[in-house]
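All remarks here apply to the structure that follows.
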Amino acid sequence: NLTAQENVELPMAIAGVAASQRQRRALHLLEEVGVKHLARRYPNELSGGEMQRTAIAVALANDPPLILADEPTGELDHENTELIMDLFTKLNKEYGKTVIIASHNEYVISRTRRVIELRDGSVFKDTRAAPQD
């Protein structure tokens, strides 16, 4: 029953953030993930990729130090995958956020500095490399 903007504002409301600050931050985050123009739309009016990008904005609402992202680009085309990966890189480099991504997407993996491969619940391979920007 909430718009995209209201969904992004909800965690901030629970945390006691003032309404004017919530609105500004929600619109900023929706802009960062490329869906600000959909701020007043309801989830049933969004595509799968738009919902996924809105969910990323919700996850960032309270400025967490750690971001756990399970297939964050799974529903996105290459252009929007790049936008999200650029955002995660910015959060890490400029704001010191730790971003952990679970993904099978080779492009997403190529954009990271460290890859930990798991097999049967154990670390199979741990590789550190400079990301391709």
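The values are calculated or read from the model by the stated rules, or taken from the named source; none is laboratory data. What you see is a predicted model, and the numbers here were worked out from it, not measured in a lab. Positions of Cβ are generated from backbone atoms using ideal geometry, with glycine treated the same way; all protein chains shown enter the neighbour counts. Side chains included, ligands, DNA and RNA excluded: accessible areas come from the protein's heavy atoms. Shrake-Rupley method; radii C 1.70, N 1.55, O 1.52, S 1.80 Å.
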With respect to the numbered conditions (1) more than 19 Å from GLY49 (Cβ to Cβ); (2) open to solvent by less than 40 Å² (accessible area, probe 1.4 Å), which one is the sole condition not fulfilled by SER122? (2)
Listed by first then second residue, the pairs whose first member lies in the stretch 90-115 and is farther than 14 Å from ILE67 by Cβ, whose partner is open to solvent by 40 Å² or more (accessible area, probe 1.4 Å) and part of a helix (DSSP H, G or I), with beta carbons under 6 Å and at least 6 positions apart or on separate chains, are VAL115/ILE109
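Inside the stretch 1-117, counting only helices (runs of 4 or more DSSP H) that do not spill past its ends, which hold 2 or more residues that are open to solvent by 70 Å² or more (accessible area, probe 1.4 Å) and farther than 30 Å from ARG128 by Cα?
Details: elements: 4-14, 19-32, 48-60, 78-95, 106-110.
Once the helices (runs of 4 or more DSSP H) in the stretch 1-117 are filtered for at least 2 residues that are open to solvent by 70 Å² or more (accessible area, probe 1.4 Å) and farther than 30 Å from ARG128 by Cα, what remains is 4-14, 19-32.
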